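A short reminder: the numbers here are calculations on the coordinates, not readings from a lab. Everything numeric here is computed off the predicted structure, so don't read it as measured data. Ideal geometry is used to build each Cβ from the backbone, glycine not excepted, and the neighbour counts take in all protein chains shown.
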Amino acid sequence: MQGLESLLVVTLVAALTPMIVAAIPGPGIPQVVILILAGILIGPHGLGLADTTGIQLLSNVGLGFLFLLAGYELDLRLLRAHPGRLAITGWLISAVIAVGAVAILGSLGFLRAFVPIGLALTTTALGTLLPILHDHHMLSGDFGRYVLAAGAVGELFPIVAISLFLTGRGEFVAIASILAVGVIAILLTLVPRIIGPARVRAVIRQGRRATSQTTLRWSIVLLLLLLVAAQRFGLDVVLGAMLAGMVLRSWTHGIDIDVTPLEGKLDAVGYGFFIPVFFVASGMGLDVQSIAQNPLRLLVFFVLLLVVRGLPSLLVYRRALPLRQRAEMTFITATTMPLLIALAAIGLSTGVMIPANAAALVGAGVLSVLVYPLIAIALARRGGTVPAGPDAVATGLDVTGAGGVVGAARAAGEPSDAHEADGADDHGAPPAG
């Protein structure tokens with residue numbers, strides 16, 4: 001019953017959050033911010049109204065949904081095109097800077113977990129950013145494609161690196177495990193071809209009925225299947241979740257049928273229940289006392305996220321985006337959290353990361369979600385690309401428009417023409433505004 005009571009408190013927080021956001025005067029605050037802060041308040045380090053023990057499974061499913069939706073937005077054609085090549089270049093620069101940063105901190109005795117913290121500094125929370133940027137109309141046009149590519153690389157590359165270097169097994173076994181899960185994902189992409197396009201369309205049409213929900217159920221089965229597969233092969237489950245999103249995209253892509261209802265249902269289930277539970281649970285698990293005793297560590301990691309992951313955007317996108325949008329990209333790419341939670345947990349479980357650094361790292365991720373997107377939004381508003389009126393209030397987890405967050409981000413990720421899709425535009429033209 002204690003777990004049920006904790007779930008009641010968490011869902012109450014999730015239900016009250018949109019009302020709190022609407023009641024706060026001034027620029028709208030993303031719901032993610034309120035959910036995390038509320039989690040801190042009701043958690044064991046706050047008022048003690050709830051704990052994560054009874055809701056851990058739901059929180060893990062919420063994390064899975066977050067990466068499922070992020071994987072669903074990952075159009076591999078985008079990574080082969082100009083935005084993808086720039087995103088990969090930016091991540092590689094971040095990786096080099098991260099190596100130097102952790103080496104300096106290690107020589108000062110500040111840390112001993114070089115690999116987990118180095119990887120943490122190269123991540124971007126695309127799944128967390130999607131609803132925030134969507135609500136502020138920042139995923140459209142060329143800029144949206146650059147954001148989606150940078151976010152996808154900032155999640156996919158660290159996830160693969162985690163599976164390679166932090167699973168506690170030999171590199172050969174780790175590579176074989178990744179290949180095995182990848183083969184499973186590839187085989188799953190062939191399911192619609194085996195069944196036949198006509199039957200797939202029939203199933204999707206039938207699944208639109210309120211009582212059957214066939215497509216939604218199979219989407220959840222796909223997510224859980226690859227989560228279990230990743231776990232069985234000793235990999236981090238976020239890899240399975242992201243692969244599930246990519247497989248689901250392959251199932252829906254190219255079918256001559258409107259999949260907007262399915263995308264709306266994924267938004268509704270994910271952002272309506274599971275993902276808010278994850279964010280609240282993340283706040284509940286934050287060791288505020290440890291952070292209060294070592295505030296400098298949090299500030300160091302918070303600044304390093306901006307320096308290592310964000311600042312390379314000013315250089316990488318110099319020919320593709322105007323200065324203001326490069327500044328926006330700097331703060332967008334520096335926003336991270338879910339992978340920091342995973343990396344901190346791995347570091348603690350293997351004993352290579354001290355608890356103070358684990359708490360500070362997660363705290364820096366939470367602070368980046370609280371601060372960096374708001375700065376990017378403010379820059380966009382100053383440039384006139386984001387409406388500043390009542391319609392621009394950011395809920396951060398709203399499901400709005402055709403297809404909700406998923407549909408809007410997917411539309412932004414589609415190459416504008418065949419020329420860009422083939423990667424022929426090697427320099428890119430600065431977008432208007």
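Here the peptides 29-38, 70-79 are ranked by packing, the mean other Cβ count within 10 Å, and the order with the highest first is 29-38, 70-79. Each Lys and Arg adds +1 at its Cβ and each Asp and Glu adds -1 at its Cβ; summed about the Cα centre, region 223-289 shows a dipole of about 180 debye. Backbone phi angles across region 181-189, fed through the Karplus curve with coefficients 6.51, -1.76 and 1.60 (θ = phi - 60°), yield HN-Hα couplings of 5, x, 5, 4, 5, 5, 4, 5, 5 Hz in residue order; Gly and Pro are listed as x. In terms of packing, defined here as the mean over residues of other Cβ atoms within 10 angstrom, the peptides 371-379, 95-103, 227-235 line up highest first as 371-379, 227-235, 95-103.
Note on region 6-54 and region 181-202: Cα centroid distance 40 Å, given to the nearest whole angstrom.
Sequentially through region 229-240, phi angles give Karplus couplings (6.51, -1.76, 1.60; θ = phi - 60°) of 4, 4, 5, 5, 8, x, 9, 5, 5, 5, 5, x Hz, Gly and Pro residues having no value and appearing as x. Note on Thr350 and Val96: the extension gain reaches 89.0 nm, defined as 0.36 nm multiplied by sequence separation minus the Cα-Cα distance. Pairs of Cα atoms nearer than 8 Å and 6+ residues apart set the relative contact order; for region 2-414 it is 31 percent. Scoring 306-318, 47-59, 189-201 by mean Cβ neighbours within 10 Å over their residues and listing the highest first yields 306-318, 47-59, 189-201.
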